[in-house]
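What follows is one structure encoded as structure tokens, with my remarks underneath.
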Amino acid sequence: MDLGISGRRAAVAAASAGLGLASARALAEAGVDVAICGRDEARLRAATEALAGLPGQVTGIPVDVSHPDGATAFVEAAADVLGGIDILVPNAGGPPAGGFDELDLDAYRAALDLNLLSTVAMCRAAVPPMRDAGWGRVVAITSVSVRQPIERLILSNTARAGVTGFLKTLALEVAAHGVTVNSVQPGLHATDRLVALHGGDPSGAARGVPVGQIGRPEDFGAVVAFLCSEHARFITGAAVPVDGGAHRGLQ
């Protein structure tokens with residue numbers, strides 16, 4: 001299916017591996033020119049090389065988006081390289097695990113920088129030009145923990161719930177300007193990190209997934225790319241779970 005976004009320009013954060021990389025690949029396959037970032041320059045270079053030859057050109061920018069200054073710097077550098085940004089995919093790793101009694105306020109501040117304020121900073125840099133142009137897409141990668149808190153991930157549960165509220169509010173404010181704002185909530189996917197955590201065989205993790213298997217990163221990337229498409233122009237303010245049915249609540 002032609003997504004109608006060939007020639008558009010996208011900034012995909014934290015995309016040297018995992019679901020960020022899968023999202024960047026799906027966009028580049030749709031003809032979008034993409035800027036990706038990562039902290040590890042060698043891994044970023046490998047990711048850029050892995051995406052070479054796709055219809056859209058992919059450029060790597062070494063920057064750390066775990067704090068607002070780095071997040072702003074990434075968007076500004078991406079806009080400079082691409083000549084502007086039509087699509088923004090905010091993304092970052094998760095904060096450390098732990099429960100209520102184990103974590104002090106500084107841990108919460110760092111988690112908010114990583115998973116909330118970095119997204120706010122990216123949107124502040126990218127969305128006003130989209131609004132002025134009358135077209136834009138923001139699709140943030142969050143977590144199913146927003147719907148169903150995950151045990152011992154109190155930092156992630158808290159920060160990602162905050163970013164979901166921010167994105168919903170932003171969606172309402174810019175909807176009339178041709179800019180849609182959505183988030184995608186991944187469950188378990190066969191990323192390198194998950195495979196490593198399960199000793200090379202993550203199949204056991206599928207026991208709690210109704211479809212009977214963990215997700216493929218490319219399937220997740222396809223959902224992100226669709227929400228960036230012309231076909232999804234009437235979808236905004238949505239938080240879409242991509243988890244094989246693992247979340248069982250009505251909302």
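On the given criteria, is residue 174 touching a Lys or Arg at 6+ places or on another chain (Cβ under 7 Å) and touching a residue at least 60 places away in the same chain (Cβ under 8 Å)? Walk me through how you get there before you give the answer.
Details: touching a Lys or Arg at 6+ places or on another chain (Cβ under 7 Å): yes; touching a residue at least 60 places away in the same chain (Cβ under 8 Å): no.
No.
What number of residues within the range 1-37 are surrounded by 16 or more Cβ atoms within 10 Å (Cβ to Cβ), more than 12 Å from the chain's Cα centre (by Cα) and on the phi > 0 side of the Ramachandran plot?
1
Scan the range 148-155 and give yes if some residue there is among the basic types (Lys, Arg) and either at pLDDT 95 or above or part of a helix (DSSP H, G or I) (or both), otherwise no. It would help to see each step written out before you state the result.
First, the residues of the range 148-155 that are among the basic types (Lys, Arg): 152.
Checking the rest, the ones that are also either at pLDDT 95 or above or part of a helix (DSSP H, G or I) (or both) come to none.
So far as the range 148-155 goes, no, none of its residues is among the basic types (Lys, Arg) and either at pLDDT 95 or above or part of a helix (DSSP H, G or I) (or both).
Show the residue pairs meeting these rules: Cβ distance below 7 Å; 6+ apart or different chains; first residue within the range 51-80 and under 19 Å from residue 41 (Cβ atoms); second residue among the basic types (Lys, Arg) and surrounded by fewer than 20 Cβ atoms within 10 Å (Cβ to Cβ).
These pairs meet every condition: 60/45; 64/39.
Of the residues that sit in the range 62-89 and are crowded, with 22+ Cβ neighbours inside 10 Å and assigned to a strand (DSSP E or B), which one is farthest from the chain's Cα centre (by Cα)?
Looking at residues that are crowded, with 22+ Cβ neighbours inside 10 Å and assigned to a strand (DSSP E or B), I get 87.
Considering only the range 123-145, state which residues are surrounded by fewer than 21 Cβ atoms within 10 Å (Cβ to Cβ) and either within 12 Å of the chain's Cα centre (by Cα) or under 20 Å from residue 240 (Cα atoms) (or both).
Across the range 123-145, the qualifying residue is only 144.
Would you check which residues across the range 22-49 are among the small types (Gly, Ala, Ser), touching a residue at least 12 places away in the same chain (Cβ under 8 Å) and part of a helix (DSSP H, G or I) and list them? Walk me through how you get there before you give the answer.
Here is the first cut: in the range 22-49, the residues among the small types (Gly, Ala, Ser) are 22-24, 26, 28, 30-31, 35, 38, 42, 46-47.
With the extra rule that they be touching a residue at least 12 places away in the same chain (Cβ under 8 Å), the set shrinks to 22-24, 26, 28, 30-31, 35, 38, 46-47.
22, 23, 24, 26, 28, 46, 47, listed by residue number.
Quick one: in the range 173-218, of everything that is in a helix (DSSP H, G or I), surrounded by 12 or more Cβ atoms within 10 Å (Cβ to Cβ) and aliphatic (A, V, I, L, M), which residue is nearest to the chain's Cα centre (by Cα)?
Going through the qualifying residues, I end up with 194.
Among (1) surrounded by fewer than 23 Cβ atoms within 10 Å (Cβ to Cβ); (2) in contact (Cβ under 8 Å) with a residue 60 or more places away in the chain; (3) of a type outside the set (Lys, Arg), there is one condition residue 120 misses while meeting the rest; what is its number?
(2)
The values are calculated or read from the model by the stated rules, or taken from the named source; none is laboratory data. Since this is a predicted model, take the numbers as computed values, not measurements. Cβ sites come from the backbone with ideal geometry, for glycine too, and all protein chains shown count toward neighbours.
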